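Single-structure report; data block below.
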Amino acid sequence: AQTVTQSQPEMSVQEAETVTLSCTYDTSESNYYLFWYKQPPSRQMILVIRQEAYKQQNATENRFSVNFQKAAKSFSLKISDSQLGDTAMYFCAFMKRSSNTGKLIFGQGTTLQVKP
Amino acid sequence: EAGVAQSPRYKIIEKRQSVAFWCNPISGHATLYWYQQILGQGPKLLIQFQNNGVVDDSQLPKDRFSAERLKGVDSTLKIQPAKLEDSAVYLCASSLVAGASYEQYFGPGTRLTVT
């Protein structure tokens, strides 16, 4: 069975600063995807960034980037130039690379507060 | 493009009562998911539909939970009878088809409180 662990329940950062959220996972699968989702207060969960395990290059999306360490089973999210709108709960998630399932396995989440 | 719609947004019931949640996915999305998000935890998949067939319901408590997706579009999730531990946000998501290459789009959720 796969597990995803986020060890930081809450974090805070000053506006314009950089923050890194941690995530570790456990799996015996060799082909999988990792995701970071953002859930703003009282709003829909949205996808922030996706990493394919067979790709060594770390994914980036504008101010968001990941540090994917496959051997260590670590998948951290770096937010650069933090903005007030980044305040949200962030979830790390795992998905097996399979043709007929889209099952996401989520971590417990990290609440990020961006302070002005 | 309209997003995933869910109703009601909030529901308060007493234990042993029944409740139903409705989800309307994005038009054309074949895959629909129901997740349960208990306070302080990440969402957990309850059931996944591909069109109107069930792909995965391994974590659905079938003695009290049921779900259907008639005609492969809208879906209803029912709890009967509810327990205190069912208090959670129930999220519906949809994707064009199943798989990691296809983004899952989430609805706003239904917050259920069982007293």
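The values are calculated or read from the model by the stated rules, or taken from the named source; none is laboratory data. Because the structure is a prediction, the values reported are computed rather than measured. Don't worry about glycine lacking a Cβ; one is built from the backbone with ideal geometry, like all the others, and counts go over all protein chains shown. The area values use the complete protein model at the heavy-atom level, side chains included, leaving out ligands, DNA and RNA. Shrake-Rupley method; radii C 1.70, N 1.55, O 1.52, S 1.80 Å.
Per residue, how large is the accessible surface of the protein assembly as shown? Use a 1.4 angstrom probe and give square angstrom. With all protein chains present, the protein assembly as shown gives 49 Å² per residue. Accessible surface for B:Leu84 stands near 90 Å², nearest 10, in the context of the full protein assembly shown (1.4 Å probe). Cross-link pairs exceeding 26 Å between alpha carbons, from the set A:Lys78/B:Lys11; A:Lys96/B:Lys78; A:Lys73/A:Lys96; A:Lys38/A:Lys73; A:Lys70/B:Lys44: A:Lys78/B:Lys11; A:Lys96/B:Lys78. Loop-located trypsin sites (Lys or Arg not before Pro) in segment A:7-116 (DSSP state not H, G, I, E or B) with no more than 12 neighbouring Cβ atoms inside 10 Å: A:Arg43, A:Lys55.
Other residues within the sphere of radius under 15 Å centred on the Cβ of B:Phe21, judged by their own Cβ, net out at +3 (K and R +1, D and E -1). Averaging the sequence gap over all C-alpha pairs within less than 8 Å and six or more residues apart, then dividing by the number of residues, gives chain A a relative contact order of 38 percent. Residues of segment A:36-82 that bury at least 50 Å² of accessible area when the other protein chains are present, relative to the chain alone (probe 1.4 Å, heavy atoms, ligands and nucleic acids excluded): A:Gln44, A:Met45. On segment B:38-81, 50 percent of the accessible area sits on carbon and sulfur atoms, based on a 1.4 Å probe.
Once B binds A, the 1.4 Å probe can no longer reach about 1700 Å² of accessible area, counting both sides.
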